[in-house]
Structures are given as C-alpha cells and as structure tokens.
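J.: What follows is a structure written as structure tokens; I'll ask about it next.
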C-alpha cells in the first residue's frame, strides 16, 4: 500500500494454526457374565480437519474390572479380569475408560458386565423303604452349591403325590410320608414316585421314593 504522498509500505498478515478438536465417537457396551472372563471389542471413529481421520493414541489401560487396549486405528478390546460368577440376575459392574484421538480429544468406552443366573449343582435322592403295618416315613437332606446364592438353600415346598406327601424346607431337609400302609404289596411288588424340588435359584432336582412290598 502507499500513502497519498509517499513511497509504498507493506502489511503482513500471519494466520496461525490451532488445534481444531476432532469429533470422536464413544462406545457403551453391556455383556452378560459367563463361566469365564468375558471379552468385548469395537472400533471408535474420529473426524479431524488437522489430522488424518480415525487416528488414535494407542493405549493399554488396567481397570478395576478388566483391561482395555486401543490401537492407532481406534480398534479397542476389553478383557474382564475374572468370570464375575458371583453376580446374580439384576447385579452388574460398570467401568468407563478414557481414550483419545491423535490430537488429544478425549472419548470414553463404558463397559457393563451384567449378572446372570448360574445354575446350582444340586444333589438328588433315591430311597427305598419296606412297607409295614402302618404308613411309612422316610427323610433326608439335599445339598446345593451355587455361586450366585448361599449354598444349601432351597425353595420350601409341600407336594401331594399319588403314594404320599413330601415336604422340603429351606435347608434342603425333606420328609416323605406315605398315605397308606400299602399292606397289599407282596414280596417283589413295589410302588415308586418321583418328586421334583428346586434350589433357591430354580435349579430342579428329584427325590425318588420306592415302597417295597413284604410278606405280611
């Protein structure tokens, strides 16, 4: 430029670059626990006018519930650090990991592990009693092992059967009482009945009762 009466002069304009924050996706995933440590994965995306798209800072993060890794392309993998079998239906553990695109824009990956019902291991009972001159009674105790609930815990029940009644209490103790003396049964004769009961988590088991005839 120049003044009205003099030599020309210059105006220098400098435009400095700044970091324009990338637009980065996030992830929220929920998975059910199983009998081993679960793994889940996904891929984040980023749009960045200053840097290549979909470029991330690789990282490896140790969390409370597991570890998360992310590579330069945004692919991430979460691996739980236990099976979390102790979680029952309705229980959950959550964790959020913070990662960043190559320009430092942060994003998050939230992982929820939901509890499920792991079937209990429940014993069964098979008993055989001889008829007498009165209605026989027999009893026993079932056991259960359950990672979600207290061991040896059952759903109390009272069951009316064809040959008698069976009751079971919350501790697995059961009692069968015949509804007659069954004196009509001879040697070699028998009547059988199977009752279905369940542990507190709904895992079923059976109590089979056989009444053998005798020579009256």
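The values are calculated or read from the model by the stated rules, or taken from the named source; none is laboratory data. If you're wondering where the values come from, they're calculated on a predicted model, not measured in any experiment. Virtual Cβ from ideal backbone geometry, glycine too; neighbours counted across all protein chains shown.
J.: Can you tell me which residues in segment 9-24 are in contact with a strand residue (DSSP E or B) (Cβ under 8 Å, 6 or more places away or on another chain) and exposed (fewer than 15 other Cβ atoms within 10 Å of the Cβ)?
T.: Selection gives 9, 23.
J.: Given the options 97, 84, 56, name the one that is surrounded by 14 or more Cβ atoms within 10 Å (Cβ to Cβ), over 30 Å from residue 201 (Cβ atoms) and within 23 Å of the chain's Cα centre (by Cα).
T.: The unique qualifying residue is 97.
J.: On to the next question. Taking only pairs six or more apart or across chains, which ones have beta-carbon atoms under 6 Å, a first residue in segment 52-65 that is assigned by the TED database to the domain that holds residue 108, and a second residue that is at pLDDT 95 or above and part of a loop (DSSP other than H, G, I, E, B)?
T.: Pairs found: 54/45; 54/74; 56/72; 56/74; 58/71; 58/72.
J.: For segment 201-216, enumerate the residues that are over 18 Å from residue 139 (Cα atoms) and in contact (Cβ under 8 Å) with a residue 60 or more places away in the chain.
T.: 201, 202, 203, 204, 213, 214, 216 - these are the residues of segment 201-216 that are over 18 Å from residue 139 (Cα atoms) and in contact (Cβ under 8 Å) with a residue 60 or more places away in the chain.
J.: Does segment 34-51 include one or more residues that are surrounded by 12 or more Cβ atoms within 10 Å (Cβ to Cβ) and out of contact with any strand residue (DSSP E or B) (no Cβ under 8 Å at 6 or more places or on another chain)?
T.: So far as segment 34-51 goes, yes, one or more of its residues are surrounded by 12 or more Cβ atoms within 10 Å (Cβ to Cβ) and out of contact with any strand residue (DSSP E or B) (no Cβ under 8 Å at 6 or more places or on another chain).
J.: Now a separate question. Filtering segment 152-169 down to residues that are without any contact (Cβ under 8 Å) to a residue 24 or more places away in the chain and surrounded by fewer than 18 Cβ atoms within 10 Å (Cβ to Cβ), which residue is farthest from residue 134 (Cα to Cα)?
T.: This residue is 156.
J.: Going by the conditions given, is residue 208 under 19 Å from residue 128 (Cβ atoms), surrounded by 13 or more Cβ atoms within 10 Å (Cβ to Cβ) and over 36 Å from the mean Cα position of the chain (by Cα)?
T.: Details: under 19 Å from residue 128 (Cβ atoms): yes; surrounded by 13 or more Cβ atoms within 10 Å (Cβ to Cβ): yes; over 36 Å from the mean Cα position of the chain (by Cα): no.
When the stated conditions are applied, residue 208 does not pass them.
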